1. Filter the stretch 91-112 down to the residues that are in contact (Cβ under 8 Å) with a residue 24 or more places away in the chain and not in a helix (DSSP H, G or I), then identify the one that is farthest from residue 64 (Cα to Cα).
2. In this structure, is residue 128 among the β-branched types (Val, Ile, Thr), over 16 Å from the mean Cα position of the chain (by Cα) and closer than 22 Å to residue 35 by Cα?
3. Which count do you get for residues in the stretch 5-29 that are at pLDDT 85 or above and acidic (Asp, Glu)?
4. Residue by residue through the stretch 8-40, note down the ones that are in a loop (DSSP other than H, G, I, E, B), surrounded by fewer than 17 Cβ atoms within 10 Å (Cβ to Cβ) and hydrophobic (A, V, I, L, M, F, W, C).
5. How many residues are among the small types (Gly, Ala, Ser), under 16 Å from residue 114 (Cα atoms) and in a helix (DSSP H, G or I) when one looks only at the stretch 41-74?
Amino acid sequence: MLIDHTGAIMFPDIIGFRIIGRLSMPLFAYSIARGYFYSAQNGKIMKYVRNLIIFSIVSQIPYSYFRPGVFNIGFTWLLAAFLIKVITSEKNTIRLIFLVIMVGVASFVLPIEYGLAGVFYPLMFYLILGKKEKIEYLLIGVSVLFAVSALTNRGNLIQVFTLLDAPLIVFLLKYDRIIRIHKRFFYIFYPLHIAILLFIKYSISAFIS
């Protein structure tokens, strides 16, 4: 993510930064699914959603200077969390279908990061959490789904590099409970690193001019 945003802000003509950055989105999508999964087990869904709301609003301040007119990834994750809630708790079939369609429409209408694929990606991870059998095939299927969506939805060919994450995530799952990073680290790091990169860019521009 840091490499991706460094390239987008400081070196927009070097596509290698953006290709490397494609690896971060599925990893964060898995983290969102994981966070929702354990929050649900501990009865803390509302707290989890509240943290996502605060994160999204705070992050939008620097992000508006980075990509004007676009909502940061936090709003994508909020839609994803709502979709997971609907899929896992709504018992009425008609309401379920209606709400899923509304989420899909929102992902197209709202200027959010990654669009429809970004919203559905965490749901796919959530549905396979805890399942050990054939998880590799499921993850590869999710990655293919994301790549196809990227190609047909917004025509962004660079998104196919997220396919590289499927075997990586399968490998990292083995260390999921071993390696611990404070849950608030990325809540702080995301808006902070964008603000710092923008500050550096504008400082250099002001110095040169």
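The values are calculated or read from the model by the stated rules, or taken from the named source; none is laboratory data. Computed from a predicted structure; not experimentally measured. With ideal geometry, Cβ positions are generated from the backbone for all residues, glycine too; neighbour counts draw on all protein chains shown.
1. The extreme case among them is 110.
2. yes
3. Looking only at that region, the number is 0.
4. Residues of the stretch 8-40 in a loop (DSSP other than H, G, I, E, B): 11-14, 22-23.
Filter again for surrounded by fewer than 17 Cβ atoms within 10 Å (Cβ to Cβ), leaving 11-14.
Passing the criteria: 11, 14.
5. 2
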